Amino acid sequence: MVRVWLYKGNHKSRTWFDTLTRRITGSPFRYSHAEIQFSNGIFFSSSIRDHGTRFKVFPIHADRWDCVEIPCTPDQEQAMKDFAFQEDQIGYDWMGLIFGWWLPFAQFKNRWICSEIVMACLQKMGIASELDYICITPNRLARELQRLGYNIVKGE
């Protein structure tokens, strides 16, 4: 099983960037970041704090995150990991974050924002392959996962 973690950008520990992301992406009420966690506990995403895509281990504070558990086979998870290793250490897509919601051509093809790379990883295991991961926000990612029948487990 893999997990998608959705950061509640309205938590008191948020940064100016969380607030900015929520406003730019039209999501002032819920999520400002997304991570995928593999079964070995390692996270993968794209983060402005880490200058782009990266693998990372960190503690989850339940009051700051919601979670979606996604069952998968070992082969499906390996396909996701292979893709993540291929995309590791790629820069953050500032242009896509700022302009991509209104001007999709402003996206850098070799850069990622968090929810795009998470959705692209999920597509490697056959989830939501009909969707375009470009410009997907953390909130839309959550909505699409719910639409596909996955439950969001709310943090405390």
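Within the range 79-100, the set of residues being more than 22 Å from Ile127 (Cβ to Cβ) and at pLDDT 85 or above comprises Gln89, Gly91. Within the range 21-39, being modelled with pLDDT of 85 or more and in a loop (DSSP other than H, G, I, E, B) holds for Phe38, Ser39.
Checked against (1) modelled with pLDDT under 95; (2) over 14 Å from Ile117 (Cβ atoms); (3) surrounded by fewer than 20 Cβ atoms within 10 Å (Cβ to Cβ); (4) not small (Gly, Ala, Ser), Ile42 meets all criteria but (1). The number of residues in the range 74-86 being free of Cβ contacts under 8 Å to residues at least 40 places away in the same chain and either within 14 Å of Ser39 (Cβ to Cβ) or buried (at least 17 other Cβ atoms within 10 Å of the Cβ) (or both) comes to 3. Among residues of the range 43-62 that are over 24 Å from Cys135 (Cβ atoms) and of a type in the set (A, V, I, L, M), those with a beta-carbon under 7 Å from a residue that is crowded, with 16+ Cβ neighbours inside 10 Å and at pLDDT 90 or above at least six positions away or on a different chain give the pairs Val57/Phe43; Ile60/Trp5. Residues of the range 144-156 that are at pLDDT below 90 and either of a type in the set (Lys, Arg) or crowded, with 21+ Cβ neighbours inside 10 Å (or both): Lys154 alone. Of all residues in the range 110-135, exactly one satisfies the criterion of being β-branched (Val, Ile, Thr), surrounded by fewer than 23 Cβ atoms within 10 Å (Cβ to Cβ) and either in contact with an Asp or Glu (Cβ under 8 Å, 6 or more places away or on another chain) or assigned to a helix (DSSP H, G or I) (or both), namely Ile134.
A search for C-beta distances below 8 Å between a residue of the range 120-135 that is under 18 Å from His33 (Cα atoms) and any residue that is among the acidic types (Asp, Glu), counting only pairs 6+ apart in sequence or on different chains, returns Ala120/Glu87; Tyr133/Glu116; Ile134/Glu116; Cys135/Glu116. Determine, yes or no, whether Lys12 is of a type in the set (Lys, Arg), modelled with pLDDT of 65 or more and not in a helix (DSSP H, G or I). So Lys12 fails the test. If only residues of the range 109-143 that are modelled with pLDDT under 90 and acidic (Asp, Glu) are counted, the one that is farthest from Gly52 (Cα to Cα) is Glu130.
The values are calculated or read from the model by the stated rules, or taken from the named source; none is laboratory data. In this text the structure is predicted, and so the values were computed from the model without any measurement. Neighbour counts run over all protein chains shown; Cβ positions are idealised from the backbone, glycine included.
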